[in-house]
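So the structure is just underneath, and the comments pick up after that.
The values are calculated or read from the model by the stated rules, or taken from the named source; none is laboratory data. All figures in this text were calculated on a predicted structure; none of them were measured in a lab. Cβ: placed from backbone, ideal geometry, glycine included. Neighbour counts: every protein chain shown. Heavy atoms of the whole protein, side chains included, go into the accessibility calculation; ligands, DNA and RNA do not. Shrake-Rupley method; radii C 1.70, N 1.55, O 1.52, S 1.80 Å.
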Amino acid sequence: MKTRRPHPGGKNILTLMLTLALAITISLSLMTAATSCSATSKTQVFVYTPDFTSVIANPERGYFENFSGLDYLHPQDFEADYGEWLTDPECDSWYFGGGYLKLLRSSRQEGVTMLNANIYLNQYINSPELPQSFLAELSRALRVVREARMKITLRIVYADAWTPMVVEKNYLRHIEQIGAIITENPDIVGSLSAGILGPWGEWHNDDGYVMVDNRSYKREDRPEYENSAPTTDINSPEQGARRYRLIKQLLDHTPDTVPILIRYTEFLMEIKALAANPPPGMPPLTRARLDRLGLHDDAFASFALSHTRGGGWEEVFYPYWDDKEYNQAENAAAFAAQLKTSYGGDVLQCGETGWYPDDHLAFDADDPLSDTKVIDAGGQLALGEAAARKLTMLNRSWNIRHIELWQGANLPASGNDPAESAYTRLDRKLGYRFRLDTAEFTTSAKKGEPFVIRAVIYNDGYAGIIRRRPIFVVFDNGVNRYDIELTNVDARAWRSGENRLDASVTLPGDMETGEYAVALWLPDYYENLRGLPEYSARFANKGIWRGSKGYNYLGAITYQKDGQSAAQPLSDEFIAELGNDPDNPKGGADFQPTLRTRQSALIHEIEVSCRPPLPFAGYIPQLPRSRPASQSDETAHSRFQESEGYQTSCQAQRIPGA
């Protein structure tokens, strides 16, 4: 079959002109892209080695421990347990003179970054004011937490194994006073459980049932509660209004960086429903305030499936705010799994396992809850629930029976997860676990040119970062360090799975000519903690963490000012200071990225040279000039930094498909 060639005239000329115009347009577009960098600048693409096995002690996630240091605030309630010990003159010096600090530092060395403590107000339940001496002791206890380089979750409690007869006007005032202490310590108070209502502040057993001496009774059978108003009936709009006022008071008197945790899913559902249609005389809650609300399940993976999924006692409940019937195992579970903030992140969900059947805790026909207790010996229930509910933290102090069972439950390798115990798998994956897959960034630039960085970052954990955390690109040569914040990037949106970083920043005008290490730094939101590497987020990669600096090393850039002919390379002293010398016994070849090079937006096979990454040798770092000089010694006493040394070989490769 013959093909007819078009005549170069008429419509065909128009077609040809349009084709040429389109070709020119595309060429100009390519030229624009190609000239977005100068002729001498280039970006390089690195592929980083993942770490799927290590447990990383990142802040604000993982296992937490109970902090009994606050028990000292009410020794009269613990004399039965501790006898004369708490009245010993050495007690105070042990708690606040270093004894307890040593224990906390030991836990910190084991990878625990979070604590949990109840603020017991048993003796003040009928007092309109907390004494200043009590508040001063609370502040002193929080200083111990700060010295240990940890953070803490607090909860106000008026009774342990009893249903407290709380007085609303009193606890609202107590919230104001304790909120002032939290406001003074927003950097180390990681979250605040709502507390107050019910035994242990757990929002149960103050409805048709009450708890007396750790046993549940029908309220009508306990005459001492005749004049005490119940607080935890999910079907009561009057009690719902009281709960709404409590939550609003907590939000009003604590910093907006501190999440507020609610014990049961149905109560969080209630607060969210009332936020738009609040009780009479109460204002609505903004979306920003609702973003602060999370869940703390005190019976995680310990009861029948319907309980642990919903965080409540009943199979079915009928909320007063709508006409639906809710099933705990379905509706509440789906609600908890789908919780999301307005900025695209996860809400804080954490908890601890509950009771267990044992010789001293047999089935009790008078206790309607005793037949729901189960043992999760293999950890499968906990692993499934942690993933579904995007769990960030779990108590390793309670219940120890479950913890021991999970430590002995060996799991086979699955996907990227290695063969390990159920305890270790939870330890690795609770909360966030960022892993750098590839990073492409500018490696040669002149004054006035942008620094461009693109990265693929996987979150292998169950949840994203909860609290605000800035992201900085760091340029460091041992003499000068420049920290540039990526203000348009929110790490809280890096949820489980694949995430992308795409940013461009202007290099500082006073940046000195030379070669710089390039790193990603995710320090604490609060500036007073930014000089402490323990509060920075570490990526799950081999060889890129610089423990003394608190940042994740990516590669290097050469920067050149106008009129200066050559860039000064990183000094041998800087390399040696960081441990990268031939005699370093910690040296190795753990970090071997695959390097791919892009020149002027076009892909070539070219030869490149790559300096080894900068390992950590356990020295006191030079902090940015913006930090107080006094903070430079803070890391000298830390026992929790990683000592790693790495070398690398970089090899140019052609990008597949180029």
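Some notes on this structure:
- Scanning the stretch 321-342 for residues that are modelled with pLDDT of 80 or more and closer than 24 Å to Ile466 by Cβ yields Ala334, Phe335, Ala336, Ala337, Gln338, Leu339, Lys340, Thr341, Ser342.
- Within the stretch 398-450, considering residues that are in a helix (DSSP H, G or I) and among the aliphatic types (A, V, I, L, M), the one nearest to Glu515 (Cα to Cα): Leu426
- For the condition open to solvent by 10 Å² or more (accessible area, probe 1.4 Å) and either part of a helix (DSSP H, G or I) or among the small types (Gly, Ala, Ser) (or both), Trp200 qualifies.
- Of all the residues in the stretch 420-441, those that are within 16 Å of Thr392 (Cα to Cα) and out of contact with any Phe, Trp or Tyr (no Cβ under 8 Å at 6 or more places or on another chain) number 4.
- Among the residues of the stretch 225-247, the one identified as open to solvent by 40 Å² or more (accessible area, probe 1.4 Å), part of a helix (DSSP H, G or I), touching a residue at least 12 places away in the same chain (Cβ under 8 Å) and charged (D, E, K, R) is Arg245.
- Test: Gly431 is buried (at least 19 other Cβ atoms within 10 Å of the Cβ) and at positive phi: yes
- Within the stretch 490-504, tally of residues that are buried (at least 17 other Cβ atoms within 10 Å of the Cβ) and either in a strand (DSSP E or B) or without any contact (Cβ under 8 Å) to a residue 40 or more places away in the chain (or both): 3
- Just one of the listed residues (Ile466, Ile457) is in a strand (DSSP E or B) and among the hydrophobic types (A, V, I, L, M, F, W, C), and it is Ile457.
- Residues (outside any loop (DSSP other than H, G, I, E, B) and free of Cβ contacts under 8 Å to residues at least 60 places away in the same chain) located in the stretch 273-296: Ala273, Leu274, Ala275, Ala276, Arg287, Ala288, Arg289, Leu290, Leu293
- One residue stands out among those in the stretch 297-320 that are over 24 Å from Phe64 (Cβ atoms) and open to solvent by 60 Å² or more (accessible area, probe 1.4 Å): the one that is modelled with the highest pLDDT, which is Tyr320.
- Residues of the stretch 468-488 that turn out to be β-branched (Val, Ile, Thr) and surrounded by fewer than 19 Cβ atoms within 10 Å (Cβ to Cβ), as a count: 3
- Residue in the stretch 390-407 that is farther than 20 Å from Asp298 by Cβ and of a type in the set (Gly, Ala, Ser) present: no
Here's the yes/no breakdown for (1) modelled with pLDDT of 80 or more; (2) out of contact with any Leu (no Cβ under 8 Å at 6 or more places or on another chain); (3) outside any loop (DSSP other than H, G, I, E, B):
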site	(1), (2), (3)
Ile56	yes, yes, no
Leu86	no, yes, yes
Ser93	no, yes, yes
Ala117	yes, no, yes
Leu130	yes, no, no
Ser139	yes, yes, yes
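- Within the stretch 254-272, considering residues that are in a loop (DSSP other than H, G, I, E, B) and charged (D, E, K, R), the one surrounded by the fewest Cβ atoms within 10 Å (Cβ to Cβ): Asp256
- Cross-chain or 6+ apart pairs with Cβ under 6 Å, the stretch 124-146 first and within 18 Å of Leu529 (Cα to Cα) and touching a residue at least 60 places away in the same chain (Cβ under 8 Å), then in a loop (DSSP other than H, G, I, E, B) and of a type outside the set (Lys, Arg): Val145/Ile188
- If you go through the stretch 510-567 and keep only what is open to solvent by less than 10 Å² (accessible area, probe 1.4 Å), assigned to a strand (DSSP E or B), of a type outside the set (Phe, Trp, Tyr) and farther than 22 Å from Gln109 by Cα, you end up with Gly514, Ala517, Val518, Ala519, Leu520, Leu554, Gly555, Ile557.
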